[in-house]
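Just so it is clear, none of the values below were taken in a lab; they were calculated from the coordinates. From a predicted model like this one, the values you see are computed outputs, not experimental measurements. When we count neighbours, we look across all protein chains shown, and the Cβ atoms used for this are built from the backbone with ideal geometry, even at glycine.
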Amino acid sequence: MTDPIEFHFDFISPYALPGLVAIDRVAAKHGRRIEMHPMMLGISVGKAMGLPALIDTPLKGDYLMMDVPRAYRFHGVPFKPAVERFMTNPLIPHRLFCWMLAQDRERAEQAARAMLAANWSEGSDVSKLENALPHVLAAGFGEAEARAAPDDPAVKEDLKRRCETSIERGIFGSPTFIVDGEMFWGSDRTHIIDRWLETGGW
Amino acid sequence: MTEDKTPIEFWFDFLSPFGYLGSIQIEKLAAEHGRDVVWRPTLLGVMVMNVMKLPAVPATPLKGPYSGRERNRLFGYFGVTLNPHGDGNLPPLPAIRTFTWLNMRDPALAKQYGQALYRAHWSEATDVTTPEAVAAFAHDHFGLAQDEVFAAIDDPAVKDALKASVGAALEAGVFGVPTFVIDGERFWGNERLPMIERLLVTGTLEA
């Protein structure tokens, strides 16, 4: 099978970028493409699961602060987060991503990758339009339309619909990978996905 | 085994199937790298529900169904037989107090008991859910007197020792099972075994 590996992520998730780097390697090894999809932890964890954010959970919050830099080191990804305690509002990059996806998936993913890298490896807070915009323009999208996209009701609705669909599919964490219909949650599962692709699953 | 290699701490609760998988994998990995593994009991019910104020994973929307699927998949990944007793639910106190009691007397025996009990519940569908079942198991496999096991399960000193161990877990920032502590660094979950392996092989996590 040569279906793409679905990569579901939230821009506010510190594990999204190391997960993307790790799955890129596994996908390349097996000749698979990556297909990026937006999801929002605030909706899955907060609303659907009724849980506090990871960072606000006793014990887990401290573990997270220690574990995140380690995940970057392990996968060889520079770690320079835009915001110290990670919490940014992801609506702008998500809406830009949806708006771009509706036009051209390849260029949309190029911009989404650049925004993720900017936020987590380059210390640039892409929850702000001015910081997100250069990556959108670099992918060949028009500035005036891009500036208007985050306030466009149709774009807002599209993001909402995509988030609802991801919950219906059982997706709750970021990153989540779907490989030939099989769901894997977490940037640290890529070696298991590697085996899954090697063997065709078990 | 060299003097300067500190043992790996393995935090576990028998009710976790992931703990069972971790117990097997970490002993293998540690043995390959000349480390000992010290088994440290804790109680997920106390850590997750009382301290973190979270519902149990199986009862968590979305995560519950995923976790069940992941459990089955991970047993397959490690090539371990998944054949739990009953529906898999294991009230841990009789089993883990017996471990705690043995651990106070003879840690090596306690570990053997722990390994056998984990296997019995998760791979061999053997009942170890009640004091009676645990006493019978401990007698059949380790020749322990059943009345001594009953006494241990109700012994205030054993209860206190377990409570202290749970306290030490929380103190160390341990909240999940399995958690492995290597040279002071915590790793939660079997998915971190590749990280641990790199750390043991190269002394660093860097890619």
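Could you tell me which numbered condition A:Pro58 fails, if it satisfies all but one of (1) within 14 Å of chain B (Cβ to nearest Cβ); (2) more than 19 Å from A:Thr176 (Cβ to Cβ); (3) in contact with a Lys or Arg (Cβ under 6 Å, 6 or more places away or on another chain)?
(3)
Can you pull out every residue in the range B:37-68 that is assigned to a loop (DSSP other than H, G, I, E, B) and exposed (fewer than 15 other Cβ atoms within 10 Å of the Cβ)?
If we filter the range B:37-68 for residues that are assigned to a loop (DSSP other than H, G, I, E, B), which is where we start, we get B:42-43, B:52-56, B:60-62.
Across the range B:37-68, the qualifying residues are B:Lys53, B:Ala56.
Select from the range B:179-207 the residues that are over 23 Å from B:Ser67 (Cα atoms) and small (Gly, Ala, Ser) and list them in ascending order. Break it down into steps so the answer makes sense when it comes.
Pass one, the range B:179-207, residues over 23 Å from B:Ser67 (Cα atoms): B:181-185, B:197-207.
Correct list: B:Gly184, B:Gly203, B:Ala207.
Quick check on the range B:184-207: of everything there that is assigned to a helix (DSSP H, G or I) and hydrophobic (A, V, I, L, M, F, W, C), which residue is surrounded by the fewest Cβ atoms within 10 Å (Cβ to Cβ)?
Pass one, the range B:184-207, residues assigned to a helix (DSSP H, G or I): B:190-202.
Subsequent filtering for residues that are hydrophobic (A, V, I, L, M, F, W, C) retains B:193, B:195-196, B:199-201.
Working: B:Leu193: 21, B:Met195: 21, B:Ile196: 21, B:Leu199: 20, B:Leu200: 18, B:Val201: 11.
So the residue we want is B:Val201.
Does the range B:146-167 contain any residue that is crowded, with 20+ Cβ neighbours inside 10 Å, aromatic (Phe, Trp, Tyr) and more than 22 Å from B:Val57 (Cα to Cα)?
Scanning the range B:146-167, I find no residue that is crowded, with 20+ Cβ neighbours inside 10 Å, aromatic (Phe, Trp, Tyr) and more than 22 Å from B:Val57 (Cα to Cα), so the answer is no.
Which of the residues spanning the range A:108-150 are of a type in the set (Val, Ile, Thr) and outside any loop (DSSP other than H, G, I, E, B)?
Step one: filter the range A:108-150 for residues of a type in the set (Val, Ile, Thr), giving A:126, A:136.
Scanning the range A:108-150 gives a single hit, A:Val136.
Can you tell me how many residues within the range A:32-50 are more than 22 Å from A:Asp104 (Cα to Cα), assigned to a loop (DSSP other than H, G, I, E, B) and either more than 13 Å from chain B (Cβ to nearest Cβ) or under 20 Å from the mean Cα position of the chain (by Cα) (or both)?
Of the residues in the range A:32-50, the ones more than 22 Å from A:Asp104 (Cα to Cα) are A:41-50.
Then drop every residue that is not assigned to a loop (DSSP other than H, G, I, E, B), which leaves A:49-50.
Within this subset, residues satisfying the condition of being either more than 13 Å from chain B (Cβ to nearest Cβ) or under 20 Å from the mean Cα position of the chain (by Cα) (or both) are A:49.
Of the residues in that region, 1 qualify.
Of the residues B:Phe150, B:Phe180, B:Phe142, only one is among the aromatic types (Phe, Trp, Tyr) and over 28 Å from B:Leu29 (Cα atoms); which?
Working: B:Phe180 fails: over 28 Å from B:Leu29 (Cα atoms); B:Phe142 fails: over 28 Å from B:Leu29 (Cα atoms).
Going through B:Phe150, B:Phe180, B:Phe142 in turn, the sole match is B:Phe150.
Tell me, which helices (runs of 4 or more DSSP H) wholly within the range B:83-159 include 3 or more residues that are within 30 Å of B:Asn72 (Cα to Cα)?
Numbers: elements: B:93-105, B:107-123, B:131-142, B:146-153.
By residue number, B:93-105, B:107-123, B:131-142.
Within the range B:43-98, track down each residue that is away from every other protein chain (no Cβ under 14 Å), free of Cβ contacts under 8 Å to residues at least 60 places away in the same chain and over 24 Å from A:Leu59 (Cβ atoms).
Once the filter is applied, which keeps residues that are away from every other protein chain (no Cβ under 14 Å), free of Cβ contacts under 8 Å to residues at least 60 places away in the same chain and over 24 Å from A:Leu59 (Cβ atoms), the range B:43-98 yields B:Asn83, B:His85, B:Gly86, B:Asp87, B:Pro94, B:Thr98.
Could you count how many residues in the range A:63-87 are closer than 30 Å to B:Leu170 by Cβ and either touching a His at 6+ places or on another chain (Cβ under 9 Å) or away from every other protein chain (no Cβ under 14 Å) (or both)?
Counting residues in the range A:63-87 that are closer than 30 Å to B:Leu170 by Cβ and either touching a His at 6+ places or on another chain (Cβ under 9 Å) or away from every other protein chain (no Cβ under 14 Å) (or both) gives 6.
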